[in-house]
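> First the structure, then my questions, so here it is.
No value in this document is a laboratory result; all are computed from the given coordinates. As the structure is a computational prediction, the values presented were derived from the model and not from experiment. Note: ideal-geometry Cβ built from the backbone for every residue, glycine included; neighbour counts use all protein chains shown.
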Amino acid sequence: MTGSDRQTKPAWPGKVRRYLRSPSTRMAAFGGLLTYLSYAYAHGSWTNLTLICVSVFVGAFLPTYAKLSNKAELWANNQFGFVTAGRLGRFLPQLVFNLVMFWLMLWGGALNQHGIASVGGFAGAALVTTLASQGTQFLGGYLVARGVGDANRNTLVGLLVNVTLAALGTAGVPYAREAFLIVGFVLGALFFGIGLLSDIRSKLAPKGGVGMFFGTFNPFHNTHLAMVRQLLEERDLDRLIIHPTLIPKLHVDAFRDGTIRVGRLEGGFQILEKTDKADSNVDYFPTGNKFLPPETRKVLIELALAEAGLGNRVEVAFYPEIYNTKGFQGVVAEIKRRNPGVRLHAPHGTDFGGMLVRQIVDECGWIYPWRILRRDTISATAIRKGAKGMTSGVVTDVLEQLSQNRPVVVVGGRRFRNDNGVLTEGD
């Protein structure tokens, strides 16, 4: 493997074997079986060929569909930066998918005509099913932010739970139909309502208070610096607190389970790689697989802020004990404790990590988010691959010295010991 963030692709036989033993693949197969059993039982369609074909398709396609749903949401987030837009990006493709599935099953005689009519026909069934599914997937994302599961598998679990309720509800089973409608509309209202309130709060945010800037900052580049200046000015903040991610939460369990590991050190960056235990349907590295140690990222942020003359208005916080046990939710609680009664703001990007930060702060109380639509060409991924001119002078200097594996890094009259990429000030 070169300095790229990408892994070398395994040969096809190996990929097929890993796909077949993937927990997500087995869960999808179970989902196809559950689709057949649920609808066959509820609608009396045990021998219906259309239902059998739809169930086989669901079992084979579900892992791919879960990843496509996540990508559709990410695309919408990057384009618009609003929570509601991202959720519509996930909702609309699934609605189309469900419309086609219900129409096919109705056309093929797999559905109870009276039951499906009682929930608004195939279109009503597709709408309610999609709303309920979005709600359960939102709960899955809520758990991901707390280190429980991963985005793809939690999406699958939400879909599986929804299948059983939809099958019974569309058959007109007493109480199941009512539960199906209530769950669909209630979860749908919460799903879109919470996001809409967050978007309104981001646009009507008052000025003043303290900002919280979370991210990997891998490394801290010129766009991060511009965001700091813009936030301080536009929201008229008293000060801004930056807290770099220590280990991304999606990697914590993967390290613990032995599904990813640090393969080697390259130019001061830790190169992460999947092991044979990894799930082939899971993207473990949505933001790349090269990471500077958190201590080094903290040093780079401090150096860049000092060089820009912003050190007196920006604090670089570092709470490893809190973050390692409670994540950014714990960091937010600590900032609230240290700043009682102060209005809090939270800038974020619109990439995967940025929108995950947005979700976290939305769940931590009445905090004013501030979305940053990225339209420049500065890229942390490009920097990690060796691109120049995207970081401040002092950061560029340190990265160059790290790439040479110097045991001591000297910058701006300060000396740092380099221990396998970890910078510690002093000799």
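> Once phi is turned into θ = phi - 60°, what whole-Hz ³J(HN,Hα) does the Karplus curve with 6.51, -1.76 and 1.60 give for every residue of the range 292-308, x standing for Gly and Pro?
Each residue of the range 292-308 in turn: 6, x, x, 4, 6, 4, 4, 4, 4, 5, 4, 5, 5, 5, 5, 4, 7 Hz.
> Can you tell me the length gained on complete extension of the stretch Phe57 to Lys385, counting 0.36 nm per residue apart and subtracting the Cα distance?
114.1 nm
> Of Gly195, Gln359, Val422, whose Cα points farthest to the positive end of the dipole of the chain (charges on the beta-carbon: +1 Lys, Arg; -1 Asp, Glu; origin at the Cα centre)?
Val422
> Give, rounded to the nearest 20 debye, the magnitude of the charge dipole that the chain has about its Cα centre when Lys and Arg contribute +1 at Cβ and Asp and Glu contribute -1 at Cβ.
Dipole size: approximately 380 debye.
> Moving to a separate point now. How many nm separate the modelled label positions at Glu315 and Gln79, each set 7 Å beyond the Cα in the direction of the Cβ?
With each label placed 7 Å out from Cα toward Cβ, I get 4.1 nm.
> Alpha carbon centre of the range 178-239 versus the range 281-302: separation in Å?
Measuring centre to centre over Cα atoms gives 22 Å.
> Which value in nm describes the separation of the simple spin-label points at Asp283 and Trp103, placed 7 Å from the Cα toward the beta carbon?
Calculated label separation equals 2.9 nm.
> Mind listing the long-range amide H neighbours of Ile242? Cut-off is under 5 Å, sequence gap 5 or more, other chains count too, H placed in the peptide plane at 1.01 Å from N.
Correct list: Phe213, Glu315, Val316, Ala317.
> Could you line up Cys53, Cys364 from fewest to most neighbouring Cβ atoms inside 10 Å?
Ascending number of Cβ neighbours within 10 Å: Cys53, Cys364.
> So if we plug the beta-carbon distance of Leu265 and Val148 into 1/(1 + (r/R0)^6) with R0 = 30 Å, what FRET efficiency do we get, rounded to 0.05?
Using R0 = 30 Å, I get an efficiency of 0.45.
> Divide by every residue of the chain the summed helix terms, -39500 (n - 2.57) for each DSSP H run of at least 4, and state the resulting mean residue ellipticity at 222 nm, rounded to the nearest 500 deg cm²/dmol.
Taking each H run of at least 4 residues, the total per residue is -19000 deg cm²/dmol.
> Within straight cross-link reach of Lys277, meaning Cα distance under 17 Å, which aspartates and glutamates are found once same-chain residues fewer than 8 apart are removed?
Asp150, Asp253, Asp257
> Also, quick follow-up: Determine the gain in length on full extension of the stretch Gln329-Lys71; use 0.36 nm per residue of separation and subtract their C-alpha separation, reporting nm with one decimal.
90.4 nm
> Using a basic spin-label model with each label point 7 Å from the Cα along Cα→Cβ, how many nm lie between Leu204 and Ala117?
4.5
> Does the range 273-384 come out rounded, prolate or oblate, given a ≥ b ≥ c as the square roots of the eigenvalues of its C-alpha gyration tensor, rounded meaning a/c under 1.5 and, failing that, prolate meaning a/b above b/c?
It comes out prolate by the Cα gyration axes.
> Antiparallel versus total DSSP beta bridges in the range 208-425: what percent is that, nearest 5?
Of those bridges, close to 50 percent are antiparallel.
> Tell me, what HN-Hα J-couplings in whole Hz come from the Karplus equation 6.51 cos²θ - 1.76 cosθ + 1.60 at θ = phi - 60° for each residue of the range 216-221, using x for Gly and Pro?
6, 6, 10, x, 5, 10
> Here is a further query. When the Karplus curve 6.51 cos²θ - 1.76 cosθ + 1.60 is applied with θ = phi - 60°, which whole-Hz ³J(HN,Hα) does each residue of the range 86-98 get, with x for Gly and Pro?
These are the phi-based 3J(HN,Hα) values: x, 6, 5, x, 7, 5, 5, x, 5, 4, 4, 4, 5 Hz.
> In addition: With +1 on each Lys and Arg Cβ and -1 on each Asp and Glu Cβ, and nothing else charged, work out how big the dipole of the range 208-425 is about its Cα centre, in Debye to the nearest 20.
With only Lys, Arg, Asp and Glu charged at Cβ, the dipole is about 120 debye.
> Would you mind classifying the range 12-201 by shape? Square roots of the alpha carbon gyration tensor eigenvalues, ordered a ≥ b ≥ c; an a/c under 1.5 is rounded, otherwise it is prolate if a/b is larger than b/c and oblate if not.
The shape class here is oblate.
> Next up: Mind putting a number on the dipole of the range 89-208 about its Cα centre? Charges go on the C-beta only, +1 for Lys and Arg and -1 for Asp and Glu, and I need it in Debye to the nearest 20.
Dipole of the range 89-208, to the nearest 20 debye: 380 debye.
> Right, something else. Once amide H atoms are placed 1.01 Å from N in the peptide plane, what residues at a sequence separation of 5 or more from His345, or on another chain, have their amide H within under 5 Å of its amide H?
Val210, Gly211, Met212, Tyr368
> Among Ile52, Gly288, Leu160, whose Cα projects farthest towards the positive end of the dipole of the chain, with charges put on the beta-carbon of Lys, Arg (+1) and Asp, Glu (-1)?
Checked the options; the winner is Ile52.
> Also, I was wondering about something else. Fewest Cβ neighbours within 10 Å first, please rank Tyr175, Tyr39, Tyr284, Tyr323 accordingly.
Starting with the residue having the fewest Cβ neighbours, the order is Tyr175, Tyr284, Tyr323, Tyr39.
> Which entries in Lys71/Lys274; Lys203/Lys336; Lys203/Lys274 show an alpha-carbon gap greater than 29 Å?
Lys203/Lys274
> Rounded, prolate or oblate, given the Cα gyration tensor of the range 327-413, with a/c below 1.5 counting as rounded?
Note, shape of the range 327-413 comes out prolate.
> Neighbouring Cβ atoms within 10 Å as the yardstick, rank Met27, Met105 fewest first.
The fewest-first ordering by Cβ neighbours comes to Met27, Met105.
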